[in-house]
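The values are calculated or read from the model by the stated rules, or taken from the named source; none is laboratory data. None of the values given here were measured: they were computed from a predicted structure. In this analysis, Cβ positions are derived from the backbone assuming ideal geometry, glycine residues included, and neighbour counts consider all displayed protein chains.
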Amino acid sequence: DQILSIRERRRARNREGAARSVQQKELVRARWKVAKDAATKHAGKLQANLSRRFSNRNHPENFEILHDLDVQEDSFPLPTNNAGNSSALQLSTGLEGPINRSGLHIPEGGPHNPARLGLEIKGKNSKEKILKEKEIRTDSQIFKYAYAQIEKEKSQERQYENITFSGVVSLATGDEQKKRPLIEVGFKDLTLTLKGKQRCLLKCLTGKIMPGRITAVMGPSGAGKTTLMSALAGKETGCKKSGLVLINGKPESIHSYKKIVGFVPQDDIVHGNLTVEENLRFSAWCRLSTKLPRAEKVLIVERVLMSLGLQEVRDSLVGTVEKRGISGGQRKRVNVGLEMVIEPSLLFLDEPTSGLDSSSSRLLLKALKHEALAGVNICMVVHQPSYALFKMFDDLILLAKGGHMVYHGSVRNVEEYFGGLGINVPERVNPPDHYIDILEGMVEPSPSSSINYKDLPLRWLLHNGYTVPEDMQSRAAELGNPLRSGSESSGSGSELQSFTTEIWQDVRSNVEQRRDHIHHYFLKQKDLADRRTPGIVRQYKYFLGRITKQRLREARLQATDYIILLLAGACLGAITKISDTDFGATGYTYTIIAISLLCQIAALRTFSQDKLQYLRESASGISSLAHFLAKDTVDHFNTLIKPVVFLSMFYFFTNPRSTFIDNYTVLICLVYCVTGMGYAFAIFLNPGPAQLFSVLFPVCLTLIASQSLKNEALKGIAYLCYPKWTLEALVIANARSPLFYAKQVYSKQRRACGSGLTGV
Ligand SMILES: Nc1ncnc2c1ncn2[C@@H]1O[C@H](COP(=O)(O)OP(=O)(O)OP(=O)(O)O)[C@@H](O)[C@H]1O
């Protein structure tokens, strides 16, 4: 831990140094810009005066102008010779081209020719970039580059605040503003029914979410907002999906784009024993393109840290339930940052603003707006946004209970649409709150008209001419509208079901969910994302670094494991007696139980502690194999050391006949075996059952193996049990030990001598 913190301190020093140097440079640049502007302004005036002087030489009133000019020349002295003059100005403007009469340099097409300027800057930039990439190697150089770039972006943003048309054009075509691949997600008659239970979660939804826009999904609690987002992200489980989901107009799987799709879950699934920066870095390193140089990746992470306002806590541990770290709001932002650092093209966020105060929510939305500017398609579930926040969204999907759509379109038009139905927002009431209250049935839609809130989904379908599901058709006819019949059945499941049918449906639903989970997480889809992320070997390296850090931070827990092993070694060593009849079999039986329990439960921790994090990472395309191998590699240290720790005490108290190496070899095999079992329990079972099995298995198997059995079936089981072989190996090692042989030979000789004497 000490080594880690020293390393981090060094890195922080480098980073702070880089930030300081960039700030100083920025200050100098700002001063230089002011001076340059003043000089250019002055030179412009000078040029105008000179041209006036030459064109009006014969006019008597020019005396005044000349006098003015003299005074100005004094205050801003120019070199007298023409060559010097032009070179000085060329230096200051950085432009080449013909020199005009007054010695000022004017490029072809005028000084403000954007095409020329663009070309020159671009050429200069690419050359500079190549040079810089060669130069940037050390941490401090990388940070200097990142901060300089961020400052540049900031100043560009300030420029674009007062944006003109030409500004918009240059922003759109600019080399600096990198565009990402665009993903549009359309859905038509999307219906989701819970398998087994036949319960409808989403009903006949049609619409699309578009790149460069932020779409808010709102509605009352339980309306199906998360379900809709999961369905669009291809993460729905245990459901039957009908209708179409189109990616860029084609019926492709969203999983084919998983490398450029970010999904921010409702719960903050982040690594508590890593710092904020380490969390973001790991995500960026594993999921960004391999083509990006390290400096670019650092720049992306720094940009996200800055835009989410996390610089202050970048070196703080995120924290867990047991050990407090950063605040809840900051944790939420880290949760979002994990997906922002991968530069996604499509970003889903499930309630990212819940638990955030209004300024943090605005900061987050500003950061997301910035992402949308780069062409990212953002879709997020939000609860009760303030009016200011609501206005920051581009589009809105409003859902009613039962998974019906009530509105989908621009945020600007929502009041107009509901106004058309006679639903007006009262003064001083936040529009989204008012609509959600109506959909909850808490507020009357309109005091003047007789509109029922239950009819709002139907009205939306009719308004757009969408297919009306069968169960809504009679009501649609009542409303006096021509129908387009749909084929969906009501699926209300209102018929009474027997108890056994319900249980059967429950079991079926669970099985289907499991199958979908496996399908989502482990089945490979065609990759259409056009991004090459690091391979297994590189990811293994990143995982190794991360897991080593995590283990070092959990040193206290590891130390507790070792102390318990020492105690177990001492106790068992004290009670084990190596006699000539059983060679310490009883003591060894307890040893097997103790080591199996301790090592198996410790192995459980390896995979069950951060299972949610693992599932999130594996769903985003990070290699499960690299993850497993890295954890196993780090655990090898424990596997090799634990038997030594145990035997050190065991030997001290018992001093068995077998050698230390014999015992160590047998115990290391035992530890490998139980560690593997622990891994299997942790990976395939939930934490509760995994712990239960980890205790039951060693105890039951050892008891079976240590009994003299008559039952053939039990004998067969015992034959397959690892404790039987371990016990045999330990006892045989004792029985075959040289000391024991020596004793045997000695006692035989004594017996022989004794009988000889008797005979004599
Ligand atoms: N896999 C599932 N199994 C059983 N029920 C489900 C499943 N998925 C969704 N549901 C049900 O669908 C309904 C909608 O759930 P969803 O989480 O989408 O609501 P929500 O609008 O996001 O609610 P909230 O705002 O409270 O988070 C709920 O009643 C939920 O119980």
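Summary table below
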| item | result |
| --- | --- |
| Condition broken by His383, with the remaining ones in (1) under 28 Å from Gly441 (Cβ atoms); (2) modelled with pLDDT of 90 or more; (3) within 16 Å of the ligand (Cβ to nearest atom); (4) not β-branched (Val, Ile, Thr) satisfied | (2) |
| Lys541 of a type outside the set (A, V, I, L, M, F, W, C) and modelled with pLDDT under 90 | no |
| From the options Tyr145, Tyr160, residue that is modelled with pLDDT of 65 or more, more than 16 Å from the ligand (Cβ to nearest atom) and in a helix (DSSP H, G or I) | Tyr145 |
| Check on Ile451, in contact (Cβ under 8 Å) with a residue 40 or more places away in the chain and among the aliphatic types (A, V, I, L, M) | no |
| Leading residue by the ranking (surrounded by the fewest Cβ atoms within 10 Å (Cβ to Cβ)) among those in the range 608-626 that are more than 12 Å from the chain's Cα centre (by Cα) and more than 16 Å from Val270 (Cα to Cα) | Leu625 |
| Among the candidates Lys225, Lys235, Lys258, residue that is within 16 Å of the ligand (Cβ to nearest atom) and at pLDDT below 90 | Lys235 |
| Failed condition for Gln177, given (1) under 23 Å from Ala400 (Cβ atoms); (2) modelled with pLDDT under 90 | (1) |
| Test for Thr320: is it within 22 Å of Ala231 (Cα to Cα) and either at pLDDT below 85 or β-branched (Val, Ile, Thr) (or both) | no |
| Any hit, the range 307-322, residues being within 16 Å of the ligand (Cβ to nearest atom), of a type outside the set (Asp, Glu) and either part of a helix (DSSP H, G or I) or closer than 28 Å to Ser221 by Cβ (or both) | no |
| Test: residue in the range 279-288 that is in a helix (DSSP H, G or I), hydroxyl-bearing (Ser, Thr, Tyr) and at pLDDT 90 or above | yes |
| Options Gly212, Gly243: the member that is more than 18 Å from the chain's Cα centre (by Cα), over 28 Å from Val468 (Cβ atoms) and away from the ligand (no atom under 16 Å from the Cβ) | Gly212 |
| Pairs where the first residue, in the range 409-424, is farther than 15 Å from Asp395 by Cα and the second is surrounded by 16 or more Cβ atoms within 10 Å (Cβ to Cβ) and of a type in the set (Lys, Arg), C-beta under 8 Å, 6+ apart | Leu421/Arg459 |
| Some residue of the range 344-359 being of a type in the set (Ser, Thr, Tyr), buried (at least 19 other Cβ atoms within 10 Å of the Cβ) and without any contact (Cβ under 8 Å) to a residue 60 or more places away in the chain | yes |
| Condition met for Glu322 (crowded, with 22+ Cβ neighbours inside 10 Å, out of contact with any Ser or Thr (no Cβ under 6 Å at 6 or more places or on another chain), of a type outside the set (S, T, N, Q) and not assigned by TED's automatic domain parsing to the domain that holds Ile547) | no |
| Out of Glu371, Glu351, Glu339, sole residue that is on the phi > 0 side of the Ramachandran plot and of a type in the set (D, E, K, R) | Glu351 |
| Residues that are surrounded by 17 or more Cβ atoms within 10 Å (Cβ to Cβ) and within 11 Å of the ligand (Cβ to nearest atom), drawn from the range 387-403 | Leu399, Ala400, Lys401, Gly403 |
| Boolean, Val334 is modelled with pLDDT of 90 or more and of a type in the set (Val, Ile, Thr) | yes |
| Any hit, the range 428-437, residues being over 39 Å from the mean Cα position of the chain (by Cα) and assigned by TED's automatic domain parsing to the domain that holds Leu205 | no |
| Test: residue in the range 485-504 that is surrounded by 14 or more Cβ atoms within 10 Å (Cβ to Cβ) and either at pLDDT 80 or above or in contact with a Gly (Cβ under 8 Å, 6 or more places away or on another chain) (or both) | no |
| Given (1) over 27 Å from the mean Cα position of the chain (by Cα); (2) in a helix (DSSP H, G or I), number of the condition Val634 does not satisfy | (1) |
| Residues (among the aliphatic types (A, V, I, L, M) and within 21 Å of Ser221 (Cβ to Cβ)) located in the range 343-392 | Leu349, Leu356, Met380, Val381, Val382, Leu389 |
| Criterion violated by Leu202 - all others in (1) crowded, with 24+ Cβ neighbours inside 10 Å; (2) part of a loop (DSSP other than H, G, I, E, B) satisfied | (2) |
| Residue that is in contact with a helix residue (DSSP H, G or I) (Cβ under 7 Å, 6 or more places away or on another chain) and away from the ligand (no atom under 16 Å from the Cβ), where the choices are Val429, Val406, Val443 | Val443 |
| Unique residue being farther than 30 Å from Ala233 by Cα and hydroxyl-bearing (Ser, Thr, Tyr) when the list is Ser620, Ser658 | Ser658 |
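Residue-by-condition table, conditions (1) within 16 Å of the chain's Cα centre (by Cα); (2) within 25 Å of Pro181 (Cα to Cα); (3) of a type in the set (Lys, Arg):
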residue	(1), (2), (3)
Asn335	yes, yes, no
Glu339	yes, yes, no
Glu343	yes, yes, no
Phe348	yes, yes, no
Arg362	no, no, yes
Ala372	no, yes, no
